[in-house]
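Since the structure comes first, as structure tokens, the remarks are kept for the end.
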Amino acid sequence: MDSLIYIIAGKEDSLVNAQCRELLDKLIEPQQRAIGLSIYQGSEVTIAEVLDELRTLPFLTDKRVVVVKQADDFISKYRPFLEKYFDNPCPTARLVLVVTTWQSSTKLAKKLPQVGQLINVAAPKRWQLPAHLVEYAHSTYHKKLDKDTAELLVDFAGDDLPRLYGEVDKLALYIGEDKTITTDHVESLVGHNRVFDAFEVIDAVTTGDIGQAIERLRNMFAADKSAEYTVVGAFAYHIRQMFAAKVLLKKGANPTDIAKRLRIWSNKDRFFAQLQQMPLERIAETLRRLATIDYETKTGRTKAAIAIEQLVLNLTTSASTAI
């Protein structure tokens with residue numbers, strides 16, 4: 001048996017809205033929504049209107065569903081009335097309150113388990129993002145996006161979920177009637193420019209040309225306003241390619257097979273020239289530093305442009321000793 005009251009709590013709008021849609025799919029059939037579903041914004045509705053809707057007997061449906069979105073201030077304003085409703089909710093209605101935060105110490109929170117349930121919506125961890133993108137592409141556009149391609153998209157675009165959903169939106173439009181979003185599509189539409197720019201910076205780094213390396217890096221930020229969110233991913237993608245290639249070389253694989261395996265179709269000679277200039281230990285250390293930069297930028301401890309420039313300066317000035 002479903003609950004009479006639901007609280008959906010979360011800070012990420014796209015995830016909260018998706019959870020709300022999922023809940024409504026369980027509570028009320030699509031054909032019944034015109035007469036059985038009411039959705040309000042918390043700032044635009046009064047408690048009297050909400051209670052009237054809840055207490056109105058359903059017509060041609062088995063229940064009425066009332067949703068109040070952005071309900072934080074609504075709850076604060078009408079808390080005494082809601083506490084009374086929680087004591088005696090209408091059995092023929094379902095109340096859904098969508099909030100940013102839900103304080104567990106309030107009277108409402110303590111009453112909720114008796115009549116309803118709390119649905120906490122937390123932002124997914126980075127390792128969970130590809131699965132979200134696979135599901136989003138399928139449910140929204142009926143497009144196939146496999147896990148490896150989704151992982152590549154995260155590498156290129158960063159781990160901000162709304163931004164990633166936006167990239168899937170663009171990819172779905174880009175491929176038209178095609179049913180599958182491939183790595184080629186992602187590389188062409190999302191990643192090519194950013195990864196190529198990172199490649200050019202690293203190329204200058206490995207030759208020890210500090211002026212050119214910094215100029216190319218600054219051009220990345222000047223040409224792309226979103227670079228602040230994607231530059232770490234672009235560099236990490238290329239450095240991971242270098243790490244994987246270096247390991248394969250040490251195992252005796254030939255460059256042609258490595259290029260095919262790692263999907264290195266352009267600038268192959270320059271890519272392997274970069275590998276010759278940077279030992280495996282240096283590549284691994286750069287990956288570790290990029291992970292630290294990623295964490296520090298997301299926690300507000302540094303700015304991506306500053307941290308990446310410091311990394312490039314350090315790598316370039318020490319290139320001669322890293323060979």
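The values are calculated or read from the model by the stated rules, or taken from the named source; none is laboratory data. As the structure is a prediction and not an experimental result, all values here were calculated from the model. Positions of Cβ are backbone-derived with ideal geometry, glycine not excepted, and every protein chain shown enters the neighbour counts.
Numbers below:
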quantity	calculated
Cβ pairs under 8 Å, 6+ apart, first in segment 300-313 and not assigned by TED's automatic domain parsing to the domain that holds K225, second in a helix (DSSP H, G or I)	none
Matching option when the condition is at pLDDT 95 or above and either over 27 Å from H132 (Cα atoms) or touching a Ser or Thr at 6+ places or on another chain (Cβ under 9 Å) (or both), among R79, R55	R79
Pair list, Cβ under 7 Å, 6 or more apart: segment 139-158 residue closer than 18 Å to V231 by Cβ, other residue of a type in the set (S, T, Y)	L152/T183; D155/Y237; F156/T230; F156/Y237; A157/T230; G158/Y229; G158/T230
Segment 170-182, residues that are surrounded by fewer than 16 Cβ atoms within 10 Å (Cβ to Cβ) and either outside any helix (DSSP H, G or I) or assigned by TED's automatic domain parsing to the domain that holds F272 (or both)	G176, E177, D178, K179, T180
Residue in segment 1-11 that is part of a helix (DSSP H, G or I) and surrounded by 19 or more Cβ atoms within 10 Å (Cβ to Cβ) present	no
T100, sole failed condition from (1) surrounded by fewer than 17 Cβ atoms within 10 Å (Cβ to Cβ); (2) more than 24 Å from the chain's Cα centre (by Cα); (3) touching a residue at least 60 places away in the same chain (Cβ under 8 Å)	(2)
Residue list for segment 141-169, restricted to those being in contact with a strand residue (DSSP E or B) (Cβ under 7 Å, 6 or more places away or on another chain) and either surrounded by fewer than 18 Cβ atoms within 10 Å (Cβ to Cβ) or more than 15 Å from V190 (Cβ to Cβ) (or both)	K144
So A259, is it touching an Asp or Glu at 6+ places or on another chain (Cβ under 8 Å), among the small types (G, A, S) and closer than 22 Å to F156 by Cα	no
